[in-house]
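*Asks:* Encoded as C-alpha coordinates, here's the structure I'll be asking about.
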Amino acid sequence: MAAVFRLEPGDRYNQTLAANIHPSDWINPLPTRRYNMVVIGGGTAGLVTAAGAAGLGASVALVEKTLMGGDCLNFGCVPSKALVRAARAAAEMRDADVYGIETVDVKVDFGKVMERMRRLRAQLSAKDSASRFQYELGVDVFIGEARFIGADAVEVGGQTLRFRKACIATGARAAAPPINGPRPSRISDQRNRLLVDGTSAPRRRAWCRSSRMRTVADASALWRRGDTNRTRATYPAARRRRSRAVGGARNRARRGAAADQGNG
(Lines give C-alpha, C1' and ligand atoms only; values in the text may rest on other atoms or scores of the structure.)
Protein backbone atom coordinates (compact mmCIF):
# COMPACT_ATOMS: atom_id res chain seq x y z
CA MET A 1 0.00 0.00 0.00
CA ALA A 2 1.07 3.59 -0.66
CA ALA A 3 2.47 5.70 2.15
CA VAL A 4 0.11 8.26 3.64
CA PHE A 5 0.77 11.71 2.18
CA ARG A 6 -0.71 14.57 4.23
CA LEU A 7 -1.97 17.75 2.62
CA GLU A 8 -2.60 20.82 4.74
CA PRO A 9 -5.14 21.89 5.75
CA GLY A 10 -6.86 18.55 6.10
CA ASP A 11 -10.29 19.69 4.89
CA ARG A 12 -12.64 17.70 2.65
CA TYR A 13 -11.19 19.22 -0.51
CA ASN A 14 -7.64 18.14 0.28
CA GLN A 15 -8.94 14.74 1.36
CA THR A 16 -10.56 14.35 -2.07
CA LEU A 17 -7.35 15.55 -3.71
CA ALA A 18 -5.23 13.03 -1.81
CA ALA A 19 -7.66 10.20 -2.58
CA ASN A 20 -7.26 10.92 -6.29
CA ILE A 21 -3.58 11.67 -6.72
CA HIS A 22 -1.97 9.75 -3.83
CA PRO A 23 -4.50 7.22 -2.49
CA SER A 24 -3.28 5.68 0.75
CA ASP A 25 -4.99 2.36 -0.04
CA TRP A 26 -3.40 2.04 -3.47
CA ILE A 27 -1.92 -1.38 -4.26
CA ASN A 28 0.62 -1.42 -7.05
CA PRO A 29 -0.21 -3.86 -9.87
CA LEU A 30 1.89 -6.86 -10.79
CA PRO A 31 4.36 -5.84 -13.52
CA THR A 32 4.02 -7.29 -16.99
CA ARG A 33 6.90 -9.23 -18.51
CA ARG A 34 8.34 -6.15 -20.28
CA TYR A 35 6.77 -2.72 -20.80
CA ASN A 36 7.10 -0.83 -24.04
CA MET A 37 7.64 2.26 -21.88
CA VAL A 38 8.17 3.12 -18.23
CA VAL A 39 7.46 6.73 -17.34
CA ILE A 40 9.06 8.05 -14.14
CA GLY A 41 7.21 11.10 -12.87
CA GLY A 42 3.48 11.76 -12.84
CA GLY A 43 3.51 15.48 -13.57
CA THR A 44 2.25 17.12 -16.76
CA ALA A 45 4.98 15.71 -19.00
CA GLY A 46 4.78 12.22 -17.51
CA LEU A 47 0.99 12.02 -17.66
CA VAL A 48 0.85 13.18 -21.27
CA THR A 49 3.59 10.75 -22.27
CA ALA A 50 1.95 7.81 -20.51
CA ALA A 51 -1.54 8.54 -21.85
CA GLY A 52 -0.27 9.14 -25.39
CA ALA A 53 1.78 5.94 -25.49
CA ALA A 54 -1.05 3.87 -24.03
CA GLY A 55 -3.46 5.39 -26.55
CA LEU A 56 -1.21 4.12 -29.35
CA GLY A 57 -1.41 0.59 -27.94
CA ALA A 58 1.85 0.48 -25.97
CA SER A 59 2.14 -1.24 -22.61
CA VAL A 60 3.00 1.54 -20.19
CA ALA A 61 3.94 1.80 -16.52
CA LEU A 62 3.80 5.14 -14.72
CA VAL A 63 5.73 5.71 -11.49
CA GLU A 64 5.05 8.62 -9.11
CA LYS A 65 6.37 8.88 -5.57
CA THR A 66 4.37 11.87 -4.30
CA LEU A 67 1.47 13.60 -6.07
CA MET A 68 0.03 12.79 -9.47
CA GLY A 69 -0.52 15.96 -11.47
CA GLY A 70 2.81 17.42 -10.41
CA ASP A 71 3.46 21.14 -10.14
CA CYS A 72 0.70 22.19 -12.52
CA LEU A 73 -2.23 20.72 -10.60
CA ASN A 74 -0.95 20.99 -7.06
CA PHE A 75 1.24 24.08 -6.68
CA GLY A 76 1.45 25.99 -9.95
CA CYS A 77 -0.93 26.43 -12.86
CA VAL A 78 -4.26 25.55 -11.25
CA PRO A 79 -3.71 27.31 -7.88
CA SER A 80 -2.23 30.42 -9.50
CA LYS A 81 -5.14 30.76 -11.95
CA ALA A 82 -7.60 30.54 -9.05
CA LEU A 83 -5.71 33.27 -7.18
CA VAL A 84 -5.45 35.50 -10.24
CA ARG A 85 -9.17 35.18 -10.94
CA ALA A 86 -10.07 36.21 -7.38
CA ALA A 87 -7.57 39.07 -7.50
CA ARG A 88 -8.97 40.30 -10.81
CA ALA A 89 -12.51 40.24 -9.42
CA ALA A 90 -11.40 42.37 -6.45
CA ALA A 91 -9.58 44.83 -8.71
CA GLU A 92 -12.59 45.17 -11.03
CA MET A 93 -14.84 45.92 -8.06
CA ARG A 94 -12.41 48.57 -6.79
CA ASP A 95 -12.22 50.18 -10.24
CA ALA A 96 -15.95 49.95 -10.98
CA ASP A 97 -16.33 53.73 -10.99
CA VAL A 98 -14.49 53.78 -14.33
CA TYR A 99 -17.61 52.17 -15.82
CA GLY A 100 -20.04 54.47 -14.01
CA ILE A 101 -20.73 51.99 -11.24
CA GLU A 102 -20.61 53.11 -7.63
CA THR A 103 -17.70 51.46 -5.89
CA VAL A 104 -17.89 49.63 -2.60
CA ASP A 105 -15.35 48.83 0.10
CA VAL A 106 -13.84 45.57 -1.13
CA LYS A 107 -12.55 43.22 1.54
CA VAL A 108 -10.63 40.11 0.50
CA ASP A 109 -10.99 37.06 2.73
CA PHE A 110 -7.79 35.21 1.85
CA GLY A 111 -8.91 32.08 3.69
CA LYS A 112 -12.03 31.81 1.52
CA VAL A 113 -10.01 32.53 -1.61
CA MET A 114 -7.75 29.60 -0.77
CA GLU A 115 -10.74 27.40 0.08
CA ARG A 116 -12.16 28.06 -3.39
CA MET A 117 -8.77 27.18 -4.89
CA ARG A 118 -8.72 23.87 -3.01
CA ARG A 119 -12.27 23.09 -4.15
CA LEU A 120 -11.41 23.69 -7.82
CA ARG A 121 -8.16 21.74 -7.51
CA ALA A 122 -9.96 18.77 -5.96
CA GLN A 123 -12.53 18.76 -8.77
CA LEU A 124 -9.84 18.84 -11.47
CA SER A 125 -7.73 16.17 -9.77
CA ALA A 126 -10.03 13.42 -11.03
CA LYS A 127 -8.50 13.90 -14.50
CA ASP A 128 -5.01 13.20 -13.15
CA SER A 129 -6.03 10.48 -10.71
CA ALA A 130 -4.27 7.16 -10.34
CA SER A 131 -7.52 5.25 -10.81
CA ARG A 132 -8.36 7.04 -14.09
CA PHE A 133 -4.96 6.33 -15.60
CA GLN A 134 -5.02 2.69 -14.58
CA TYR A 135 -8.64 1.70 -15.14
CA GLU A 136 -9.67 4.05 -17.95
CA LEU A 137 -6.44 4.67 -19.88
CA GLY A 138 -4.82 1.26 -19.38
CA VAL A 139 -1.63 2.48 -17.69
CA ASP A 140 -0.12 0.47 -14.83
CA VAL A 141 0.29 3.04 -12.05
CA PHE A 142 2.95 2.45 -9.40
CA ILE A 143 3.11 4.75 -6.39
CA GLY A 144 6.59 4.73 -4.98
CA GLU A 145 10.16 5.74 -5.73
CA ALA A 146 11.81 4.33 -8.85
CA ARG A 147 15.44 3.21 -8.84
CA PHE A 148 17.34 2.07 -11.91
CA ILE A 149 18.86 -1.36 -11.37
CA GLY A 150 19.93 -1.97 -14.95
CA ALA A 151 19.90 -0.60 -18.48
CA ASP A 152 16.37 -1.89 -19.00
CA ALA A 153 14.90 -2.16 -15.51
CA VAL A 154 13.79 -0.07 -12.53
CA GLU A 155 12.75 -1.16 -9.07
CA VAL A 156 9.64 0.24 -7.35
CA GLY A 157 8.56 -0.99 -3.94
CA GLY A 158 10.47 -4.25 -4.26
CA GLN A 159 9.08 -4.99 -7.74
CA THR A 160 11.14 -4.99 -10.93
CA LEU A 161 9.76 -3.20 -13.99
CA ARG A 162 11.50 -4.11 -17.24
CA PHE A 163 11.13 -1.84 -20.26
CA ARG A 164 12.17 -1.19 -23.83
CA LYS A 165 12.13 2.59 -23.43
CA ALA A 166 12.09 4.83 -20.36
CA CYS A 167 10.99 8.44 -19.97
CA ILE A 168 12.39 10.42 -17.03
CA ALA A 169 9.92 13.22 -16.31
CA THR A 170 10.77 14.02 -12.71
CA GLY A 171 10.84 17.82 -13.03
CA ALA A 172 13.09 20.02 -10.93
CA ARG A 173 13.29 21.61 -7.49
CA ALA A 174 14.19 25.16 -6.51
CA ALA A 175 17.40 25.75 -4.56
CA ALA A 176 18.31 28.51 -2.12
CA PRO A 177 21.03 30.74 -3.65
CA PRO A 178 24.28 31.27 -1.69
CA ILE A 179 23.54 34.85 -0.57
CA ASN A 180 25.87 36.44 1.97
CA GLY A 181 24.46 38.06 5.08
CA PRO A 182 21.44 37.30 7.30
CA ARG A 183 19.19 34.57 5.97
CA PRO A 184 15.37 34.62 6.12
CA SER A 185 13.69 32.54 8.78
CA ARG A 186 11.98 30.37 6.16
CA ILE A 187 13.21 29.63 2.66
CA SER A 188 10.93 27.59 0.43
CA ASP A 189 12.69 24.99 -1.69
CA GLN A 190 9.30 23.51 -2.55
CA ARG A 191 8.38 25.99 -5.30
CA ASN A 192 5.42 28.04 -4.06
CA ARG A 193 4.07 25.36 -1.76
CA LEU A 194 4.22 27.50 1.38
CA LEU A 195 1.76 29.89 -0.26
CA VAL A 196 -0.55 27.23 -1.68
CA ASP A 197 -0.79 25.27 1.57
CA GLY A 198 -1.54 28.40 3.58
CA THR A 199 -4.86 29.73 4.80
CA SER A 200 -3.65 33.26 5.50
CA ALA A 201 -1.68 35.64 3.31
CA PRO A 202 2.03 35.92 4.22
CA ARG A 203 3.05 39.35 5.56
CA ARG A 204 6.29 39.37 3.57
CA ARG A 205 7.70 37.38 0.70
CA ALA A 206 10.94 37.78 -1.26
CA TRP A 207 11.39 36.22 -4.71
CA CYS A 208 14.74 35.17 -6.13
CA ARG A 209 13.47 34.05 -9.51
CA SER A 210 11.41 35.47 -12.35
CA SER A 211 9.77 32.55 -14.07
CA ARG A 212 6.37 32.77 -15.70
CA MET A 213 4.73 31.15 -12.69
CA ARG A 214 6.54 33.56 -10.34
CA THR A 215 5.33 36.64 -12.19
CA VAL A 216 1.76 35.35 -12.05
CA ALA A 217 1.99 34.88 -8.29
CA ASP A 218 3.56 38.30 -7.79
CA ALA A 219 0.95 40.02 -9.97
CA SER A 220 -1.73 38.26 -7.95
CA ALA A 221 -0.30 39.71 -4.73
CA LEU A 222 -0.29 43.20 -6.22
CA TRP A 223 -3.86 42.80 -7.43
CA ARG A 224 -4.94 41.78 -3.94
CA ARG A 225 -3.57 45.06 -2.67
CA GLY A 226 -5.29 46.94 -5.52
CA ASP A 227 -1.94 48.15 -6.92
CA THR A 228 -2.95 47.92 -10.58
CA ASN A 229 -0.18 50.28 -11.76
CA ARG A 230 2.62 48.07 -10.45
CA THR A 231 0.82 45.01 -11.81
CA ARG A 232 1.53 46.11 -15.37
CA ALA A 233 5.21 46.52 -14.52
CA THR A 234 5.33 43.01 -13.07
CA TYR A 235 4.64 41.25 -16.33
CA PRO A 236 7.55 41.03 -18.79
CA ALA A 237 7.40 43.62 -21.57
CA ALA A 238 7.71 40.89 -24.21
CA ARG A 239 4.58 39.22 -22.91
CA ARG A 240 2.64 42.50 -23.05
CA ARG A 241 3.85 43.11 -26.61
CA ARG A 242 2.78 39.61 -27.58
CA SER A 243 -0.66 40.16 -26.09
CA ARG A 244 -1.04 43.43 -28.01
CA ALA A 245 0.06 41.73 -31.22
CA VAL A 246 -2.47 38.92 -30.79
CA GLY A 247 -5.21 41.42 -29.99
CA GLY A 248 -4.33 43.53 -33.03
CA ALA A 249 -4.43 40.51 -35.31
CA ARG A 250 -7.86 39.57 -33.99
CA ASN A 251 -9.18 43.09 -34.53
CA ARG A 252 -7.85 43.17 -38.09
CA ALA A 253 -9.50 39.81 -38.78
CA ARG A 254 -12.80 41.07 -37.43
CA ARG A 255 -12.65 44.24 -39.52
CA GLY A 256 -11.86 42.17 -42.58
CA ALA A 257 -14.79 39.87 -41.95
CA ALA A 258 -17.11 42.85 -41.45
CA ALA A 259 -15.88 44.40 -44.71
CA ASP A 260 -16.51 41.15 -46.57
CA GLN A 261 -20.06 41.04 -45.26
CA GLY A 262 -20.62 44.65 -46.29
CA ASN A 263 -19.33 44.01 -49.81
CA GLY A 264 -21.49 40.92 -50.06
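The values are calculated or read from the model by the stated rules, or taken from the named source; none is laboratory data. Predicted model only: the values in this text are computed from it and were never measured. Methodologically, a virtual Cβ is constructed for each residue, glycine included, from the backbone with ideal geometry; neighbour enumeration extends over all protein chains shown.
Conditions tested, residue by residue: (1) among the polar types (S, T, N, Q); (2) under 11 Å from the mean Cα position of the chain (by Cα).
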| site | (1), (2) |
| --- | --- |
| T66 | yes, no |
| P79 | no, yes |
| A86 | no, no |
| A89 | no, no |
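*Asks:* Further, regarding this structure: So F75 ticks every box in (1) farther than 16 Å from I143 by Cα; (2) touching a residue at least 40 places away in the same chain (Cβ under 8 Å); (3) over 22 Å from the mean Cα position of the chain (by Cα); (4) surrounded by 20 or more Cβ atoms within 10 Å (Cβ to Cβ) but one. Which box is left unticked?
*Replies:* Among (1) farther than 16 Å from I143 by Cα; (2) touching a residue at least 40 places away in the same chain (Cβ under 8 Å); (3) over 22 Å from the mean Cα position of the chain (by Cα); (4) surrounded by 20 or more Cβ atoms within 10 Å (Cβ to Cβ), the lone unmet condition for F75 is (3).
*Asks:* Oh, and also: Go through segment 53-70 and count every residue that is crowded, with 20+ Cβ neighbours inside 10 Å and of a type outside the set (A, V, I, L, M).
*Replies:* Of all residues in segment 53-70, those crowded, with 20+ Cβ neighbours inside 10 Å come to 53-54, 60-64, 67-70.
Within this subset, residues satisfying the condition of being of a type outside the set (A, V, I, L, M) are 64, 69-70.
Looking only at that region, the number is 3.
*Asks:* In addition: If I filter segment 89-115 down to residues being of a type in the set (K, R) and surrounded by fewer than 15 Cβ atoms within 10 Å (Cβ to Cβ), which single residue comes out as modelled with the lowest pLDDT?
*Replies:* Looking at residues that are of a type in the set (K, R) and surrounded by fewer than 15 Cβ atoms within 10 Å (Cβ to Cβ), I get K107.
*Asks:* Are there helices (runs of 4 or more DSSP H) fully within segment 26-133 with at least 2 residues that are of a type in the set (S, T, Y)? List them.
*Replies:* 44-55
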